[in-house]
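Every number in this text was worked out from the coordinates using simple rules, so none of it is lab data. No experiment lies behind these values; they were computed from the predicted model shown. Ideal geometry is used to build each Cβ from the backbone, glycine not excepted, and the neighbour counts take in all protein chains shown.
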């Protein structure tokens, strides 16, 4: 007979698994020389698919959490799952297949949480409630236990940062070039509004087409990413400049007899002021964008790198402790178990 068929075990399962998992389960046992207690270890080799919610608010500078949540079929009055305080969890970075697109961090985080069990109402619940009201809640302590039951969940998480250089050059940089070309339109005399609008609308359609192309590489989500906000902002700049070219052309047409202007004309000076103001606002927006990028998404990556450094130190200390323990006699006696 196998151990799991004849003995108690925590009945663990993976909460965020997709479909059937391929797993091999084995057990080991050892007896402590100190307290004479027998300790059972359960090992699982699991292969399968797991679901994870993507957080793309900071795309393409995003960091994704890859988690595996382990739970027990028993409630927290029988099983409570906690991380081993003596040994740190780890991840094999060499087995990560998407290394060209993602950078996997070394450290692993664990989180303990509880999920509330939803109780379905049955026919005999009405009778039990009437009895509870007649006896009083204090007379029936099991009533509270039946209403609120929790399962212990242990979540193990590693972190992967997107290699975003490709999106910086082929996303942000190209959108930036398309937008900055729109300021060159001011070199055309303001009385030639048709030529200005033709070029500006061409840039606007080019930017929209490029945005559709970029969105094909992203999953369909209900919110805007950082790149989406930047592209939409640049579209608004092109639209506002197009409106200005139409306004200045109309002013010149209605206020000059032959629709001609000279460099000394007040409309030319007004057009130059709008150009300087637009460039100033454009530069200010990018300064704010760089500050936000450095203080929010890239700061999170720096924090994860610091955790990697602390993780290496902790692993090195644990390695020294393991070597010292191996040099002396073990405090445990192995016991054979039939798996």
Anisotropy class of segment 245-339 from Cα gyration tensor, a/c 1.5 cut: prolate
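Return the FRET efficiency for the residue pair residue 184, residue 255: r is the Cβ-Cβ distance, R0 is 30 Å, and the value is rounded to the nearest 0.05.
0.70
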Extension gain, residue 22 back to residue 333 (0.36 nm per residue minus Cα-Cα distance, nm): 108.8 nm
Top of 30, 211, 162 by mean-square fluctuation, Gaussian network on the chain, Cα under 10 Å: 30
Alpha-carbon radius of gyration plus Dmax, which is the widest Cα pair, for the chain in Å: 32.6, 106
Proxy reagent accessibility, fewest Cβ within 10 Å first, across 157, 262, 220: 220, 262, 157
Computed label-point distance, nm, for sites residue 66 and residue 116 using a 7 Å Cα→Cβ extension: 3.4 nm
Length released on extending from residue 216 to residue 240, taking residue separation times 0.36 nm less the Cα-Cα span: 6.0 nm
Anisotropy class of segment 11-128 from Cα gyration tensor, a/c 1.5 cut: oblate
Helix 297-327 axis, angle to the chain major axis (alpha carbon atoms, nearest 10°): 30 degrees
Value of relative contact order over segment 165-295, rounded to a whole percent, pairs C-alpha under 8 Å and six or more apart: 33 percent
Unit Cα scatterers, Debye sum, segment 1-60: log10 I(q)/I(0) for q = 0.21, 0.29 Å⁻¹: -0.95, -1.22
Shape of segment 165-295, Cα gyration tensor, a/c cut at 1.5: prolate
On Cα atoms only, tilt of 193-215 relative to the major axis of the chain in degrees: 10 degrees
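Among 82, 237, which comes first, second and so on when ranked by fewest other beta-carbon atoms within 10 Å? Don't skip to the answer; put the middle values down first.
Values: 82 9, 237 20.
If I rank by nearby Cβ atoms, fewest first, I get 82, 237.
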Cα-based helix-to-principal-axis angle, 266-295 vs the chain, degrees rounded to 10: 10 degrees
Label-point separation in nm, residue 313 to residue 53, each point 7 Å along Cα→Cβ: 3.3 nm
Mean separation of Cα contacts under 8 Å, 6 or more apart, over the residue count of the chain: relative contact order %: 24 percent
Burial ordering of 173, 102, fewest other beta-carbon atoms within 10 Å first: 173, 102
